[in-house]
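The values are calculated or read from the model by the stated rules, or taken from the named source; none is laboratory data. Source: prediction; values computed, not measured. Cβ: placed from backbone, ideal geometry, glycine included. Neighbour counts: every protein chain shown. Each accessible area value is taken on the protein alone, full model and side chains, heavy atoms only, with ligands, DNA and RNA left out. Shrake-Rupley method; radii C 1.70, N 1.55, O 1.52, S 1.80 Å.
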Amino acid sequence: LPVTLVHAVEVVIEADGKPLENAVVTVVDSDQSVGSTSFVQIEQRGQQFQPRITVVNPGSQIRFPNRDITQHHVYSFSDAKVFEIELYGGDEPEPVLFETPGIVALGCNIHDWMLGYVYVTPHSNFGVTDRSGKVDLNVGDPSLAEITVWHAGMEDGPIEARLTDIDSGSDGDMTVSVTLPDGDPLFYEVDPLQTLFGEN
Ligand SMILES: [Cu+2]
């Protein structure tokens, strides 16, 4: 059997020269990898989706527990998943099944500013950038590895890049620059008064 060496690579995503949080980076596997299903949760806490970005493989289920005192009404009209959880409080609604690869935008009927995403990918190797724009990925041969990068503020779909084509920083980081025409829609502050009266 061939031996597959795995290399740890740190990828940095930036926009306008600044680190970009909440970007989804996937490794495009040439060997048709099949991801595994997971069972995760996206909380409604402080009148935000937490986390704002969740990445899963098809067949995964997501719970949407409400940790606030106020009720929420979570929905998506996206092609990859249409669903609605009507006004609910702290009780635990049924988990939602995500079967179709694609990008699912989450909203709340009550709180217009609440915005979140579920990114459903068939690839098993993915990550979401942290506040410093970084994500650690394991790849086979870095000179052959292809990645995709997506962020909610990007105008078109995910962009593709080869790790060899990416600027390599002085500390060995691979940096990908993306363009957000209208800024970062996921960088929003919750009204302090709303939080005061709405949060547990
Ligand atoms: Cu809400």
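For this structure, a couple of remarks:
- In the set Q61, Q44, only one residue is open to solvent by 60 Å² or more (accessible area, probe 1.4 Å), in contact with a Phe, Trp or Tyr (Cβ under 8 Å, 6 or more places away or on another chain) and assigned to a strand (DSSP E or B); that residue is Q61.
- Listed by first and then second residue, the pairs linking a residue in the range 106-126 that is more than 20 Å from F83 (Cβ to Cβ) to a residue that is assigned to a strand (DSSP E or B) and more than 9 Å from the ligand (Cβ to nearest atom), with Cβ atoms under 6 Å apart and 6 or more places separating them unless they lie on different chains, are H123/T26; N125/V27; F126/T26; F126/V55.
- Failed item, numbered, when G127 is tested on (1) in contact with a strand residue (DSSP E or B) (Cβ under 8 Å, 6 or more places away or on another chain); (2) more than 16 Å from the ligand (Cβ to nearest atom); (3) modelled with pLDDT under 95: (3)
- Meets criteria (farther than 14 Å from A23 by Cα and without any contact (Cβ under 8 Å) to a residue 40 or more places away in the chain) for P101: no
- Consider the range 95-147 and keep the residues that are open to solvent by less than 30 Å² (accessible area, probe 1.4 Å) and in a loop (DSSP other than H, G, I, E, B). The one that is farthest from T70 (Cα to Cα) is A145.
- Residues in the range 64-94 that are outside any strand (DSSP E or B) and more than 21 Å from the chain's Cα centre (by Cα): 10 in all.
- Test set (1) modelled with pLDDT under 95; (2) away from the ligand (no atom under 13 Å from the Cβ); (3) surrounded by 14 or more Cβ atoms within 10 Å (Cβ to Cβ) - A80 fails condition number: (1)
- Some residue of the range 65-72 being open to solvent by 20 Å² or more (accessible area, probe 1.4 Å) and away from the ligand (no atom under 13 Å from the Cβ): no
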